[in-house]
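Here the structure is laid out as structure tokens; the discussion comes afterwards.
The values are calculated or read from the model by the stated rules, or taken from the named source; none is laboratory data. Worth saying up front: this structure is predicted, and the values here are computed from it rather than measured. Here the Cβ is made from the backbone with ideal geometry for all residues, glycine too, and neighbour counts use every protein chain on show. Keep in mind that these areas ignore ligands, DNA and RNA; they rest on the heavy atoms of the full protein, side chains included. Shrake-Rupley method; radii C 1.70, N 1.55, O 1.52, S 1.80 Å.
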Amino acid sequence: IFLSKFNGGTNIQSKLYRRLYDLFGKKSNWIDILFSNEETNVVYNFFLYVNFEKAEKDTIAFLTNDMFYLHRQDIDKNTVAGIIRYYDLKFNLLDDSVKYPIYNIILDNNAYIISKQNFDIIIKNAFADVAKKSIMDYYTCVSKLQNQNIKTYVDQNIQVFVNDVIFSAGNSIAESEEAFVELLNNNTLLTETKVELIEKNDCVVSDITKIKLVVIKLADSNEKLVDIQNLLYKHKKISPVWSNVFENFKFNGNKLDACLVDYLNDKQIVVELVKEKPLTEEELKNESGNYSIASSFYDVISVSNVLSIDSFSKLMNVCPWHYDKMERYDIGSKEMDVLIGQKKITLTSENYLGIKQNHTDLLSKYIAV
């Protein structure tokens, strides 16, 4: 009670607090001895006047445990900011911290713990429309903040931010595509973190070329190397457009990777994909653009047995080519039946002999078509 009642000038107060610290600072439980029953202005004065060692963890823990004593309109901004920087103090914000000058000092000096609690306060204070909502797009919101010092601080501690803030939203998050891509392309994020982001984020990437070609290692895949692009296809987080299909096909050496097969076997994806033809009339005429890769893609598809018959049928239905000669004829009978029914196999001696040798029961249908 004595300290809170003492009203000496600044110089006298400074000497008093330093003297008391010299007397009690080396004793056990000195914080309780010095501040028992004292008001918050006493803690503030101690914060201002006492030069303690950076290694004094108990003192720093006491000062950062509850920042209520810094909730003052008459705060000495420059001195407080200097102390915060010197000791590299990190606080947990309080709901009403935003009402006081200390709030901007804390933000400008990265003096806050990266936690869900703190970012709930920061984001809800900055955006009125999310004040009463559960935040599911923390990184997106941070990217939109006027104070970009916050974004820089987050990016410097991105692994902690994703683990302690983004994933705190639960099993479903809703980062924007731009934020999602930026996180996946971040070189400092752990592989398993990116995998979890892909699994949890309710967003698809519109253009696969936005994702860097970095080979990663999954923690649960027995050391198997899986590219981040393939992982996006596996989890259906890529927009179903032909350019994305062709990019993956090309990336995997003009082969149907298991992730792409799984992607194309998704009924909803293949329905969306075939709403547009793989090549425009102009591309077919000029043999430009995706012509070569699309041609290779259909050469593989037409003799493939890895797709569901529904996906195979839908994909072949928009195929712009007809085949005078197949690379092989020992494909499944259902697939051959689709090719014959869609008139993708022209009437040639090579096709006739191939079907006769491998699918005798379909020969009459082939001739009739």
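What to note about this one:
- Close contacts from segment 104-128, counting a first residue that is under 12 Å from Asn147 (Cα atoms) and a second that is modelled with pLDDT of 95 or more and among the charged types (D, E, K, R), with Cβ to Cβ under 6 Å and a gap of 6+ residues or different chains, come to Asn109/Arg85.
- Scan of segment 251-265 for residues that are within 25 Å of the chain's Cα centre (by Cα) and closer than 21 Å to Ser295 by Cβ, ordered by number: Phe251, Asn252, Asp257, Leu260, Val261, Tyr263, Leu264
- When the residues of segment 135-150 are filtered to those that are out of contact with any Asp or Glu (no Cβ under 7 Å at 6 or more places or on another chain) and not in a helix (DSSP H, G or I), the one that is nearest to Ile105 (Cα to Cα) is Asn147.
- Here is the figure for segment 69-82: residues that are assigned to a helix (DSSP H, G or I) and either at pLDDT 95 or above or surrounded by fewer than 14 Cβ atoms within 10 Å (Cβ to Cβ) (or both) total 7.
- Against the numbered list (1) closer than 24 Å to Gln159 by Cα; (2) open to solvent by 60 Å² or more (accessible area, probe 1.4 Å); (3) in a loop (DSSP other than H, G, I, E, B); (4) not hydroxyl-bearing (Ser, Thr, Tyr), Ile114 comes up short only at (2).
Per-residue answers, yes or no, for (1) at negative phi; (2) touching a helix residue (DSSP H, G or I) at 6+ places or on another chain (Cβ under 6 Å); (3) open to solvent by 10 Å² or more (accessible area, probe 1.4 Å):
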site: Thr152; (1), (2), (3): yes, no, yes
site: Gln159; (1), (2), (3): yes, no, yes
site: Val165; (1), (2), (3): yes, yes, no
site: Gly170; (1), (2), (3): no, no, yes
site: Ser176; (1), (2), (3): yes, yes, yes
site: Ala179; (1), (2), (3): yes, yes, no
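- Among residues of segment 266-295, those that are more than 33 Å from the chain's Cα centre (by Cα) and assigned to a helix (DSSP H, G or I), counted: 9
- Selection count, segment 92-111, where residues are hydroxyl-bearing (Ser, Thr, Tyr) and either farther than 20 Å from Val165 by Cα or part of a loop (DSSP other than H, G, I, E, B) (or both): 1
- Consider segment 329-369 and keep the residues that are without any contact (Cβ under 8 Å) to a residue 12 or more places away in the chain and hydrophobic (A, V, I, L, M, F, W, C). The one that is farthest from Ser304 (Cα to Cα) is Ala368.
- Residue list for segment 196-209, restricted to those being crowded, with 17+ Cβ neighbours inside 10 Å and either more than 9 Å from the chain's Cα centre (by Cα) or within 11 Å of Met136 (Cβ to Cβ) (or both): Lys200, Asn201, Cys203, Val205, Ile208
- Checking Phe52, Phe62 one by one, the residue that is open to solvent by 40 Å² or more (accessible area, probe 1.4 Å), within 24 Å of Ile102 (Cα to Cα) and modelled with pLDDT of 70 or more is Phe62 and no other.
- Of the residues examined, Tyr153 is not one that is in contact with an Asp or Glu (Cβ under 9 Å, 6 or more places away or on another chain) and part of a helix (DSSP H, G or I).
- Taken over segment 204-213, the criterion of being out of contact with any Lys or Arg (no Cβ under 7 Å at 6 or more places or on another chain) and either modelled with pLDDT under 95 or not hydroxyl-bearing (Ser, Thr, Tyr) (or both) is satisfied by Asp207, Ile208, Thr209, Lys210, Ile211, Lys212, Leu213.
- Meets criteria (open to solvent by less than 40 Å² (accessible area, probe 1.4 Å) and modelled with pLDDT under 95) for Ile135: yes
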